[in-house]
Amino acid sequence: PFKEQTLQVGELQSAALAPLKIYAKERGIEVDVQSDIDPVETLFGDAHHLTFVLSSLLHNAVRFSPSSGRVELSITRRADNVFFQVVNHPAIAAEDLAHVFTEFSTAGIEEHGEGHALSLAVSREIIKGHGGELYAETTAENQTCFVMTLALKPTTDADRTSQAVLNN
């Protein structure tokens with residue numbers, strides 16, 4: 001069961017990126033973050049589990065990128081949803097992309113050593129449990145893009161009043 005709580009988009013972003021900084025630096029990977037959403041926009045869900053998912057996506061992107069590569073995290077709002085996109089190079093082969101969310105599937109990643117190929121399968125279930133989606137695609141630039149979508153918490157009049165008080 002998930003612990004239901006409010007979580008700001010900016011808090012989720014920071015919590016997921018914090019443990020990644022040293023690992024990315026050791027590998028010479030640049031992590032670029034772009035966001036067009038107000039960091040105080042609020043999600044409703046289990047902060048621990050949602051942080052696990054975004055952290056896993058970012059960690060995998062750094063792990064599977066070539067040294068001195070680049071990983072991009074973009075956070076965008078579309079209607080009442082927030083989209084987290086994690087992009088890295090090179091693209092996962094089309095025949096392997098179909099299996100990345102299958103438990104214990106190591107298609108296309110055998111050369112990267114240890115691991116049990118569970119984080120993506122678990123992550124997808126967590127996001128489904130939060131009413132969102134998690135999927136992967138190949139971009140036109142031959143990159144892999146993992147997309148996590150979640151609904152934003154509806155803003156009530158009380159939320160707007162509280163935010164107005166804080167901003168004044």
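Structure notes:
- Difference of contour (0.36 nm per residue) and Cα-Cα distance, Glu26 to Ala93: 21.5 nm
- As a size descriptor, the averaged projected area of the C-alpha convex hull of segment 1-107 was calculated at 7.7 nm².
- Qualifying lysines (Cα of each under 19 Å from Cα of Lys153; at least 8 residues distant if same chain): Lys3, Lys128
- Interchain or long-range residues, amide H under 5 Å from Leu152's placed H: Asn81, Val82
- Electrostatic tally near Gln8: other residues with Cβ closer than 10 Å to its Cβ, Lys and Arg +1, Asp and Glu -1, net -2.
- Shown here is the pair-distance distribution of segment 18-76: with all Cα-Cα distances grouped in 5 Å bins from zero up to the longest one, the shares run 4, 17, 24, 24, 16, 10, 4, 0 percent.
A short reminder: the numbers here are calculations on the coordinates, not readings from a lab. Everything numeric in this text was worked out from a predicted model, so none of it was measured. We place every Cβ from the backbone using ideal geometry, glycine too, and count neighbours over all the protein chains shown.
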